[in-house]
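*Asks:* Structure in structure tokens, see below.
The values are calculated or read from the model by the stated rules, or taken from the named source; none is laboratory data. No experiment lies behind these values; they were computed from the predicted model shown. Because the Cβ atoms are built from the backbone with ideal geometry, glycine has one as well, and the counts that use them run over all protein chains shown.
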Amino acid sequence: MKSFRAIVFDLDGTLIDSAEGIMNNYRYVAEKIGVQTPSDAVLRSFIGPPLRGNLLRFIPETQVDQAIAYYWHSMIDMRRGVEQTKVYDGINELLLSLNEKGIPCCIATNKRYDVAEEIVVHYGWNAFIKKTYGILPSGGGPTKTDLIRRAMAENGFDEASTLMIGDRRHDIEAAKDAGIACAGVLWGYGGEEELRVAAPDYLFRQPNDVLSSI
């Protein structure tokens, strides 16, 4: 396996299990807007892809901006963005090991930057994560590809030695668009079938497997 000298992590479904909070955010939006709440299966499919696109699947376009405001109220003011999350087993140990090996790590997420940064602080990852990159409060760009490219440019990561790690096909596609290697994780929300179709360079079944690529 190729040796890598920098890692860009996705957040939801890769470092943290945030399903409870994210699904509750969408339920809150549906209630406030007055539309039918999507099924649990559909709500789980929303974890990872961009917010605005998800909302357009069940909210009229004319109400999407209001829906985004409700979503952030649920996540931030109602504390679902932090308090209804948990770290996957083995992630803290993985981040510590990468830090000890001198491997710099960043996060590129479709979550709002300030919420993602609060999660990093909440779990004490400041020493392990160089910088966190996320979306705008409007729920719009930058894209995941843009975030990866920014992380690489601002931190001096080389394309040939940087690995993107995520749990959804969107992460794999973004990494390929950014010109870097990519790995899918099987403990997140995408599942093995989705990831194999996206054709990542590597598949990791548990966090400790990441160390074999370094």
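*Asks:* Can you pull out the strands (runs of 3 or more DSSP E) entirely within segment 149-214 that have at least 2 residues that are more than 22 Å from Gly102 (Cβ to Cβ), in contact with a strand residue (DSSP E or B) (Cβ under 7 Å, 6 or more places away or on another chain) and outside the structural domain of Phe46 (by TED's automatic domain parsing)?
*Replies:* Where strands (runs of 3 or more DSSP E) fall fully within segment 149-214 and carry at least 2 residues being more than 22 Å from Gly102 (Cβ to Cβ), in contact with a strand residue (DSSP E or B) (Cβ under 7 Å, 6 or more places away or on another chain) and outside the structural domain of Phe46 (by TED's automatic domain parsing), they are 181-185.
*Asks:* Residue pairs, Cβ under 9 Å, 6 or more apart or interchain, first in segment 78-98 and within 26 Å of Asn25 (Cβ to Cβ) and of a type in the set (Ser, Thr, Tyr), second part of a loop (DSSP other than H, G, I, E, B) and modelled with pLDDT of 90 or more. List them.
*Replies:* These pairs meet every condition: Thr85/Ser18; Thr85/Tyr123; Tyr88/Gly13; Tyr88/Thr14; Tyr88/Leu15; Tyr88/Trp187; Tyr88/Gly188.
*Asks:* Follow-up. Checking the structure you have, find out if any residue of segment 17-24 is part of a loop (DSSP other than H, G, I, E, B) and in contact with a Ser or Thr (Cβ under 7 Å, 6 or more places away or on another chain). Full working, then the answer.
*Replies:* Looking only at segment 17-24, we keep the residues that are part of a loop (DSSP other than H, G, I, E, B), and these are 18.
If we keep only those that are in contact with a Ser or Thr (Cβ under 7 Å, 6 or more places away or on another chain) too, we end up with 18.
Checked against the condition, which is being part of a loop (DSSP other than H, G, I, E, B) and in contact with a Ser or Thr (Cβ under 7 Å, 6 or more places away or on another chain), segment 17-24 yields at least one hit.
*Asks:* Another question, then. Is it true that Phe58 is assigned to a loop (DSSP other than H, G, I, E, B), within 30 Å of Asp209 (Cβ to Cβ) and more than 15 Å from the chain's Cα centre (by Cα)?
*Replies:* Values: assigned to a loop (DSSP other than H, G, I, E, B): yes; within 30 Å of Asp209 (Cβ to Cβ): no; more than 15 Å from the chain's Cα centre (by Cα): yes.
The answer is no for Phe58.
*Asks:* Tell me which residues, restricted to segment 97-134, are hydrophobic (A, V, I, L, M, F, W, C) and either in contact with a Cys (Cβ under 7 Å, 6 or more places away or on another chain) or not in a strand (DSSP E or B) (or both).
*Replies:* Taking segment 97-134 and keeping what is hydrophobic (A, V, I, L, M, F, W, C), we get 98, 103, 105-108, 115-116, 119-121, 125, 127-129.
Across segment 97-134, the qualifying residues are Leu98, Ile103, Val115, Ala116, Ile119, Val120, Val121, Trp125, Ala127, Phe128, Ile129.
*Asks:* Any residue that is in a strand (DSSP E or B) and not basic (Lys, Arg) - is there at least one of those in segment 136-148? If you could, list the steps in order and put the result at the bottom.
*Replies:* Here is the first cut: in segment 136-148, the ones in a strand (DSSP E or B) are none.
No, because not a single residue in segment 136-148 is in a strand (DSSP E or B) and not basic (Lys, Arg).
*Asks:* So, one more: Which ones in segment 38-51 are surrounded by 20 or more Cβ atoms within 10 Å (Cβ to Cβ) and assigned to a helix (DSSP H, G or I)?
*Replies:* Answer for segment 38-51, where residues must be surrounded by 20 or more Cβ atoms within 10 Å (Cβ to Cβ) and assigned to a helix (DSSP H, G or I): Leu43, Leu51.
*Asks:* Of everything in segment 107-129, what is over 14 Å from Asp12 (Cα atoms) and either surrounded by fewer than 18 Cβ atoms within 10 Å (Cβ to Cβ) or touching a Lys or Arg at 6+ places or on another chain (Cβ under 7 Å) (or both)? Give them in sequence order.
*Replies:* Asp114, Val121, His122, Gly124, Asn126, Ala127
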